[in-house]
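Participant: Just dropping this structure here.
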Amino acid sequence: MTEQDRMPPTSTLARFDEIEVSIEKLIAGGDGLARHEGLPIFIPRSAPGDRARVRVTERRPGYARAEIVDLISSGPGRREPVCRHFGDCGGCDLQHLEDGLQVELKVAATRETLQRIGRLDLPEPAVLSGRAWGYRTRTQLHGVATAGTREARAVTVGYHARGSQRLVAVEECPVLVEDLERAVRRLPALFGDAAPKRIDLTVGDRGALSCAPVVEGLPHGEVSVEVGEFVYSFDARCFFQGHRDLLPQLVERVVGSESGGLAVDLYAGVGLFALPLARLYERVVAVEGDNVASRFGRLNARRNGSANVEVVHQAVESWIPSLPKEAERLVLDPPRSGLAPRVTGKLLALTPARLTYVSCHPAALARDLRALAASYRVSELTMIDLFPQTGHLEVVAQLVRL
């Protein structure tokens with residue numbers, strides 16, 4: 001064996017700044033995967049079948065990251081991005097791929113992650129998709145004022161570049177619904193010579209807009225969205241799913257038709273799942289740690305006549321020891337990091353008959369499903385493309401007790 005044969009792949013790669021690679025597939029999150037002498041290399045905004053010269057930007061013991069310097073040949077399904085900010089703005093990952101191919105590749109990447117990390121026998125997923133452009137009803141932007149005298153200052157509003165705090169000014173965002181995109185264009189002129197570092201915008205039915213923090217010239221109160229037989233009120237400070245067309249299907253897939261005595265909705269937000277659960281269960285406990293969201297949750301329960309919904313304002317991790325033994329059904333929609341160990345432990349200790357887990361992070365979901373496999377099996381799986389043009393995919397896993 002020669003000295004070169006004994007060198008780890010990262011040591012070999014250290015001799016190069018640029019290499020030529022072929023993209024094998026898309027991985028969860030939207031990057032393309034290539035290999036150099038066995039070392040995985042993750043390359044954003046690449047496509048399966050691409051042949052490209054790439055520049056190595058990060059070297060790790062088990063992998064590397066790179067960026068495309070020259071696209072030698074294109075894989076099938078590659079296209080010109082629709083938005084002129086794509087490639088600089090960090091908001092979208094996949095505009096360079098045809099819409100239908102995006103869904104196909106994201107489903108394959110998500111399934112691979114679930115099976116590789118979870119090591120589970122999973123059912124064939126149902127796949128749901130909707131409008132790929134002009135769909136998004138909420139966004140978070142950032143603002144900065146240029147240096148100079150007060151009279152000479154100008155405000156820039158936009159999104160951060162990928163993996164950076166550098167601000168990319170945007171004048172358009174074709175994934176936003178029209179009313180929201182129009183508001184984004186107005187923002188720089190409304191700020192004068194100063195801008196908040198973070199601006200949250202959301203739009204409800206009939207174009208009603210909410211902005212946080214308060215910006216003179218833009219509304220900042222509540223908006224409402226009708227989903228099925230329910231009307232949900234919230235404001236720009238609250239999390240609410242952003243794909244207008246797919247909300248009814250998401251709720252239907254999560255809630256289902258099972259009924260019973262007590263259902264518990266953890267990480268309940270403003271009550272998106274708790275209210276329809278209340279039509280099927282005698283009692284629903286909705287637990288939400290955010291003060292504003294829990295306040296809107298109570299308001300929504302009252303306005304929709306859901307008197308059997310109890311909204312608890314408490315962090316799930318601190319509330320979980322209070323989980324009633326008689327709970328028959330739990331809906332879990334945790335943050336991207338997934339379930340805390342004490343939450344998983346309590347679920348395994350009490351083993352309610354049914355769990356529904358909603359996630360946009362397949363690695364965290366796979367880890368949690370693997371832990372829950374001691375007492376549960378996945379009976380149904382649905383993958384919903386709530387985030388077209390990005391690498392994210394929403395997954396709804398229905399679990400039943402063994």
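The values are calculated or read from the model by the stated rules, or taken from the named source; none is laboratory data. Keep in mind that this is a model prediction, so the values were computed, not measured. Cβ sites come from the backbone with ideal geometry, for glycine too, and all protein chains shown count toward neighbours.
Participant: Out of Val225, Val168, Val157, I need the residue that is touching a Gly at 6+ places or on another chain (Cβ under 6 Å), within 20 Å of Val82 (Cβ to Cβ) and assigned to a strand (DSSP E or B). Which one?
Facilitator: Checking each option against the conditions leaves just Val168.
Participant: Any idea which of Thr344, Thr356, Thr390 is closer than 20 Å to Gly256 by Cα and either of a type in the set (S, T, N, Q) or surrounded by fewer than 19 Cβ atoms within 10 Å (Cβ to Cβ) (or both)? Explain how you work it out, then say what you get.
Facilitator: Numbers: Thr344 fails: closer than 20 Å to Gly256 by Cα; Thr390 fails: closer than 20 Å to Gly256 by Cα.
None of the others qualify; the one that does is Thr356.
Participant: Being in contact with an Asp or Glu (Cβ under 8 Å, 6 or more places away or on another chain), of a type in the set (A, V, I, L, M, F, W, C) and closer than 13 Å to Arg138 by Cα is the filter here, so list the residues in segment 185-224 that pass it.
Facilitator: Val203, Leu209, Cys211, Ala212, Val223
Participant: Is it the case that some residue within segment 67-78 is acidic (Asp, Glu), in contact with a strand residue (DSSP E or B) (Cβ under 9 Å, 6 or more places away or on another chain) and not in a strand (DSSP E or B)?
Facilitator: No, every residue in segment 67-78 fails to be acidic (Asp, Glu), in contact with a strand residue (DSSP E or B) (Cβ under 9 Å, 6 or more places away or on another chain) and not in a strand (DSSP E or B).
Participant: Could you tell me whether Gly305 is at positive phi and surrounded by 14 or more Cβ atoms within 10 Å (Cβ to Cβ)?
Facilitator: Taking the combined requirement at face value, the residue does not satisfy it.
Participant: Anything in segment 199-244 that is within 22 Å of Pro174 (Cβ to Cβ), basic (Lys, Arg) and touching a residue at least 24 places away in the same chain (Cβ under 8 Å)? List them, or say none.
Facilitator: Result: Arg244, single match.
Participant: Here is a further query. Of all the residues that make up segment 357-402, how many are out of contact with any Cys (no Cβ under 8 Å at 6 or more places or on another chain) and on the phi > 0 side of the Ramachandran plot? Full working, then the answer.
Facilitator: To start, the set of residues in segment 357-402 that are out of contact with any Cys (no Cβ under 8 Å at 6 or more places or on another chain) comprises 357-385, 388, 391, 396-402.
Filter once more, keeping what is on the phi > 0 side of the Ramachandran plot: none.
Qualifying residue count for the region: 0.
Participant: Then there is this: Take Leu122 and decide whether it is aliphatic (A, V, I, L, M), surrounded by 15 or more Cβ atoms within 10 Å (Cβ to Cβ) and part of a loop (DSSP other than H, G, I, E, B).
Facilitator: The answer is yes for Leu122.
Participant: Going through Gly260, Gly269 one at a time, which residue ends up being in contact with a Lys or Arg (Cβ under 7 Å, 6 or more places away or on another chain) and small (Gly, Ala, Ser)? Spell out the reasoning first.
Facilitator: Numbers: Gly269 fails: in contact with a Lys or Arg (Cβ under 7 Å, 6 or more places away or on another chain).
When all the criteria are applied, what remains is Gly260.
Participant: Then there is this: Regarding Val292, is this residue in contact with a Cys (Cβ under 7 Å, 6 or more places away or on another chain) and either aliphatic (A, V, I, L, M) or within 28 Å of Gln389 (Cβ to Cβ) (or both)?
Facilitator: On the way: in contact with a Cys (Cβ under 7 Å, 6 or more places away or on another chain): yes; either aliphatic (A, V, I, L, M) or within 28 Å of Gln389 (Cβ to Cβ) (or both): yes.
When the stated conditions are applied, Val292 passes them.
Participant: Quick check on this structure: which one of Ala301, Ala263, Ala286, Ala307 is farther than 23 Å from Val395 by Cα, assigned by TED's automatic domain parsing to the domain that holds Thr382, in contact with a Leu (Cβ under 9 Å, 6 or more places away or on another chain) and of a type outside the set (Asp, Glu)?
Facilitator: Being farther than 23 Å from Val395 by Cα, assigned by TED's automatic domain parsing to the domain that holds Thr382, in contact with a Leu (Cβ under 9 Å, 6 or more places away or on another chain) and of a type outside the set (Asp, Glu) holds for just one of Ala301, Ala263, Ala286, Ala307, which is Ala301.
Participant: Right, another one. Report yes if Ile43 is in the same structural domain as Thr382 (by TED's automatic domain parsing) and under 30 Å from Ala397 (Cβ atoms), otherwise no. Walk me through it before giving the result.
Facilitator: On the way: in the same structural domain as Thr382 (by TED's automatic domain parsing): no; under 30 Å from Ala397 (Cβ atoms): yes.
When the stated conditions are applied, Ile43 does not pass them.
Participant: Within segment 256-299, how many residues turn out to be crowded, with 18+ Cβ neighbours inside 10 Å, part of a loop (DSSP other than H, G, I, E, B) and aliphatic (A, V, I, L, M)?
Facilitator: 4
Participant: Name the residues in segment 43-55 that are surrounded by 18 or more Cβ atoms within 10 Å (Cβ to Cβ) and not in a loop (DSSP other than H, G, I, E, B), would you?
Facilitator: Ile43, Ala52, Val54
Participant: While we're here: From the list Glu317, Glu326, which residue is over 14 Å from Leu266 (Cα atoms), of a type in the set (Asp, Glu) and in the same structural domain as Glu258 (by TED's automatic domain parsing)?
Facilitator: Glu326
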